[in-house]
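Worksheet: one structure, shown below.
Every number in this text was worked out from the coordinates using simple rules, so none of it is lab data. Values in this document were obtained by computation on a predicted structure and should not be read as measured data. Cβ sites come from the backbone with ideal geometry, for glycine too, and all protein chains shown count toward neighbours.
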Amino acid sequence: MFKHKGAHQYTWYQDTLGQRSMIDLVVVSSDLRPHVLDTRVKRGAELSTNHHLVVSWIRLRRRIPDRLGRPKRTVRVCWERLADPSVRGVFNSHLRESFNQIPREVGDIESEWTMFSSSIVDAAIRSCGRKVSGAGRGGNPRTQWWTLEVRDAVKLKKESYQAWLARGAPEAAEAYRQA
């Protein structure tokens, strides 16, 4: 249905026998078929199998709802810094300052609780700081193990894999294994 070069049409391959075939399909109902923009094979999907990923693009006229669930990026108070005695002392002094500024008689319990909790959080932010967790710019997770060194190694591995797919040479395969 869509014209692509052979490498983007064959969904299955076997290197040892040199065989390839179009055995993986995308099934679309008849009412969506006019909206299918393109279908092709993505060879670099690293699925650890002899099948390639088949992808279809479909035009939707409806508005896509906003993403539900947890936000990608969250900012929180870095409470673990309170383990350091110097930070704990600074936190206590900020907390005393905040409590001295709260009026003694407020009225209802809700407004009193709001002032109490906000003064604790403000003192914690001033003394402990904030911590960003979740995905950062570019979609890379901000975890302890994801460093610039790991990012560069992953990038090199992907580039050498793409070069091996494009050339198919034994040198490219060896460069991919070494990366």
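Things worth noting here:
- Proximal aspartates and glutamates to Lys42, defined as alpha-carbon separation beneath 16 angstrom and excluding residues fewer than eight positions away on the same chain: Asp24, Glu159
- Summarising the amide proton neighbourhood of Cys78: residues at separation of 5 or more, or on other chains, whose placed amide H is nearer than 5 Å comprise Gly129, Arg130, Lys131.
- Relative protection proxy for 168-176, 87-95, from highest mean packing down: 87-95, 168-176 (other beta-carbon atoms within 10 angstrom).
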